[in-house]
Amino acid sequence: MTSAQAGPAGADIVVEDLSKWYGNFLAVDRISFEVPKGTIVGFLGPNGAGKTTTIRMLTCYMPPTSGRARVAGYDVFRDSLQVRKHIGYLPESNPLYTEMRVGEYLDFKAKLHGMDRDSRRKRVSEVASRCWLTDRLRSVIGTLSKGYRQRVGIADALLHNPPVLVLDEPTVGLDPSQIREARRLISELAGDHTVMLSTHILQEVEMVCQRVIILANKRIVAQGTPEELKNRSGSVLRAEVRGPTEEVRAAIAALEGVDRVEILQGGPVGRFNVHGRLSPEMREQVAAVVSTRGWSLRELRTEGASLEEYYVRITDPGAAKAAAAA
Ligand SMILES: Nc1ncnc2c1ncn2[C@@H]1O[C@H](COP(=O)(O)OP(=O)(O)O)[C@@H](O)[C@H]1O
Ligand SMILES: [Mg+2]
């Protein structure tokens, strides 16, 4: 008998202290995270970080070495059959039978799920329409573009209508317009499914994900909303002002929301880095204080206010080790 235990606060994926050793090589080191129901979570990390290994454990393709994981309330160790029923999986390589026609292939996969003829016909047409494949059901898979093949893979993952979808690098190898389509499709699916999407492309998570989990060097180094992580990037406002350096520094440092002002270069024209809660209002305030004091503002721009800067910093091998040790 199997029983589903709901994850804390409606989480569809709950991972606790999960590790994987390949022989004597540690690929995933005691990771813990949760994926709330109905969200799209980006599982972000450089190549080799351990994303696919984690996904294979969650989809029961491979047992963890230690730790716990539950999908839709089912334990990957004890209830692997139930986990497979509740999860749809698009593997990294998206293996498809290239000689089969799309409709034929989906019907075949539906048969493997134990669906009878009528439910198969109905379901194949539903997933095909969901994945914008209706007009390709008679196409031979091998003749399709990579973008269409990826949609077939996603339709396949959706056949048994699982609450949880796990997509491993779904946009790899697609051209820019195919990538846009794939992102649009994934965003649409999120209404009915909890989606975990692995990627090494940062822009991808900024565009489609509500939450991000960053994996680097086998460990989780950060998680949160893209906005939260972006705010950790410690963006700076770069100002170039003609005026007495120290007075300029003090005047800007006195503004509300400014933590500190760094002098990059003194002299008749000073260059400053302004650290703090940087908002458009802040830029206006800096401009205003400079002009009321009779100085002149030569340049004002925001630098490094990006998830990218944070990502590069946090996934740097040295930084990843430090974060893991903390
Ligand atoms: N079957 C395997 N046997 C041994 N090492 C593996 C195996 N699969 C992956 N690895 C290693 O585990 C690490 C993590 O790989 P993987 O999970 O595929 O990372 P990612 O998907 O983030 O690129 C890599 O160093 C990889 O070489
Ligand atoms: Mg991978």
Exercise. Quick check: is even one residue across the stretch 51-64 in a strand (DSSP E or B), within 21 Å of the chain's Cα centre (by Cα) and either in contact (Cβ under 8 Å) with a residue 12 or more places away in the chain or on the phi < 0 side of the Ramachandran plot (or both)?
Worked result: no
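Considering only residues of the stretch 10-30 that are in contact (Cβ under 8 Å) with a residue 60 or more places away in the chain and either more than 24 Å from A190 (Cα to Cα) or in contact with a Leu (Cβ under 8 Å, 6 or more places away or on another chain) (or both), which is farthest from ligand 2 (Cβ to nearest atom)?
Restricting attention to the stretch 10-30, the residues satisfying the condition of being in contact (Cβ under 8 Å) with a residue 60 or more places away in the chain are 12-13, 26-30.
Then drop every residue that is not either more than 24 Å from A190 (Cα to Cα) or in contact with a Leu (Cβ under 8 Å, 6 or more places away or on another chain) (or both), which leaves 13, 26-30.
Details: I13: 17, L26: 16, A27: 11, V28: 12, D29: 16, R30: 19 Å.
Only one residue tops the list, namely R30.
Out of curiosity, is K111 touching a helix residue (DSSP H, G or I) at 6+ places or on another chain (Cβ under 7 Å), in the same structural domain as E16 (by TED's automatic domain parsing) and outside any loop (DSSP other than H, G, I, E, B)?
Details: touching a helix residue (DSSP H, G or I) at 6+ places or on another chain (Cβ under 7 Å): yes; in the same structural domain as E16 (by TED's automatic domain parsing): yes; outside any loop (DSSP other than H, G, I, E, B): yes.
The answer is yes for K111.
Among what's in the stretch 31-60 and is within 14 Å of ligand 2 (Cβ to nearest atom) and basic (K, R), pick the residue that is surrounded by the most Cβ atoms within 10 Å (Cβ to Cβ).
First, the residues of the stretch 31-60 that are within 14 Å of ligand 2 (Cβ to nearest atom): 42-59.
Now drop any that are not basic (K, R), which leaves 51, 56.
Working: K51: 23, R56: 21.
Within the stretch 31-60, the match that is surrounded by the most Cβ atoms within 10 Å (Cβ to Cβ) is K51.
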For this session: Please work out if R84 is over 26 Å from L174 (Cβ atoms) and crowded, with 19+ Cβ neighbours inside 10 Å.
Result: yes
Problem set entry | Within the stretch 22-64, tally of residues that are modelled with pLDDT under 95 and hydroxyl-bearing (S, T, Y) | 2
For this session: Please indicate, with yes or no, whether at least one residue in the stretch 195-208 is in the same structural domain as K51 (by TED's automatic domain parsing), away from ligand 2 (no atom under 16 Å from the Cβ) and over 12 Å from the mean Cα position of the chain (by Cα).
Result: no
Exercise. Where residues in the stretch 69-82 are farther than 15 Å from D29 by Cβ and either touching a helix residue (DSSP H, G or I) at 6+ places or on another chain (Cβ under 7 Å) or charged (D, E, K, R) (or both), which of them is nearest to ligand 1 (Cβ to nearest atom)?
Worked result: V76
Problem set entry | R130 vs. criteria crowded, with 19+ Cβ neighbours inside 10 Å, under 26 Å from V71 (Cα atoms) and basic (K, R) | no
For this session: Scan the stretch 114-144 for residues that are in contact (Cβ under 8 Å) with a residue 24 or more places away in the chain, under 28 Å from the mean Cα position of the chain (by Cα) and part of a helix (DSSP H, G or I) and jot them down.
Result: V127, A128, R130
Exercise. Just to be sure, is V28 surrounded by 17 or more Cβ atoms within 10 Å (Cβ to Cβ) and within 11 Å of ligand 1 (Cβ to nearest atom)?
Worked result: yes
Exercise. Where residues in the stretch 148-175 are touching a Ser or Thr at 6+ places or on another chain (Cβ under 8 Å) and part of a helix (DSSP H, G or I), which of them is surrounded by the fewest Cβ atoms within 10 Å (Cβ to Cβ)?
Worked result: Y148
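Looking at the stretch 178-235, which of its residues are assigned to a strand (DSSP E or B) and surrounded by fewer than 18 Cβ atoms within 10 Å (Cβ to Cβ)? If you could, list the steps in order and put the result at the bottom.
From the stretch 178-235, those assigned to a strand (DSSP E or B) are 194-199, 211-216, 219-224; that's our starting set.
G224, the sole residue that qualifies.
The values are calculated or read from the model by the stated rules, or taken from the named source; none is laboratory data. Remember, it's a predicted structure, so these values are computed and weren't measured experimentally. Neighbour counts are summed over all protein chains in view; Cβ atoms, including those assigned to glycine, are modelled from backbone coordinates with ideal geometry.
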